[in-house]
Amino acid sequence: NAGVMQNPRHLVRRRGQEARLRCSPMKGHSHVYWYRQLPEEGLKFMVYLQKENIIDESGMPKERFSAEFPKEGPSILRIQQVVRGDSAAYFCASSPSGAVAKNIQYFGAGTRLSVL
Amino acid sequence: DQQVKQNSPSLSVQEGRISILNCDYTNSMFDYFLWYKKYPAEGPTFLISISSIKDKNEDGRFTVFLNKSAKHLSLHIVPSQPGDSAVYFCAAIWMTGTASKLTFGTGTRLQVTL
């Protein structure tokens with residue numbers, strides 16, 4: 001039973017380019033979460049999605065960032081016109097349910113984005 | 001506004017001794033608390049959780065204690081092993097409608113020495 005898969009593991013972009021981060025949840029999981037970790041900081045919630053729906057995007061920057069979780073395929077976190085401050089580790093997690101009692105979120109290994 | 005706080009960035013404990021990692025929170029609406037362990041270049045791994053209606057949960061060498069009046073929880077690892085060396089994140093969940101996002105602390109780096 002494969003875990004949460006994120007790719008790429010490392011992504012290097014120049015300022016102004018677009019970054020696309022992919023996340024395939026664990027089998028049977030329909031809830032996906034994206035977090036960002038800046039150096040020396042904890043993980044910050046960005047967005048929570050179910051299939052084809054954004055449930056909570058309160059942690060997403062208002063501009064340049066978007067996320068989707070289509071009916072088929074992985075969840076995508078898209079960052080347009082990247083800036084140096086976007087350099088961070090981006091983690092995806094999935095859970096079988098959004099209910100608290102079952103909301104053990106399982107994390108992928110992360111994508112480390114470096115903006116030159 | 002940091003709602004979940006881990007005030008000790010690092011902790012060093014000798015192998016075989018008890019490791020105690022602390023976490024404080026400010027939001028009394030949190031329903032559930034979790035501890036995650038993270039090795040370098042890997043994602044966080046779920047370790048143990050506790051409901052806000054409990055005061056203790058034990059799983060093998062790991063025990064989490066919750067003191068709601070003090071808004072404080074702690075993770076005890078006994079006996080500590082070198083493989084426990086990692087960063088430990090405290091996290092909390094507050095159910096708002098159908099959303100249940102995790103709010104993380106900044107982590108405590110545990111080093112278990114021989």
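Structure above, values below:
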item: FRET efficiency, A:Leu116 to B:Ala70 (Cβ-Cβ, R0 41 Å, nearest 0.05); result: 0.35
item: Stretch gain in nm, segment A:Arg14-A:Lys51, where the contour uses 0.36 nm per residue and the Cα spacing is subtracted; result: 10.2 nm
item: Charge sum, other residues only, whose C-beta stays under 14 Å from B:Phe65's C-beta, Lys/Arg counted +1 and Asp/Glu -1; result: 0
item: Solvent-accessible area per residue, Å², over segment B:1-112 with all protein chains present [probe radius 1.4 Å]; result: 47
item: Extension gain from B:Thr45 to B:Leu114, taking 0.36 nm per residue of separation minus the Cα-Cα distance; result: 22.5 nm
item: Relative contact order of segment B:1-88, pairs being alpha-carbon contacts under 8 Å that are 6 or more residues apart, as %; result: 33
item: Relative contact order (%) - chain A, alpha-carbon pairs under 8 angstrom, separation at least six; result: 36
item: Between segment B:18-40 and segment A:13-70, the Cα center-to-center distance that results, in Å; result: 23
item: Residue order for A:His10, B:His76 - accessible surface, 1.4 angstrom probe, largest first; result: A:His10, B:His76
item: Label-to-label distance, nm, for residues given as B:Ile18 and A:Ala2 (7 Å Cα→Cβ offset); result: 4.4
item: Accessible area buried, both sides summed, chains A and B with 1.4 Å probe, Å²; result: 1800
item: Residues whose placed amide H lies under 5 Å from that of A:Val12, excluding near-sequence neighbours; result: A:Ser114
item: Potential extension, A:Ser97-A:His29 segment - 0.36 nm per residue separation minus Cα distance; result: 23.8 nm
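The values are calculated or read from the model by the stated rules, or taken from the named source; none is laboratory data. All of these numbers come straight from a predicted model, not from anything done at the bench. With ideal geometry, Cβ positions are generated from the backbone for all residues, glycine too; neighbour counts draw on all protein chains shown. Each accessible area value is taken on the protein alone, full model and side chains, heavy atoms only, with ligands, DNA and RNA left out. Shrake-Rupley method; radii C 1.70, N 1.55, O 1.52, S 1.80 Å.
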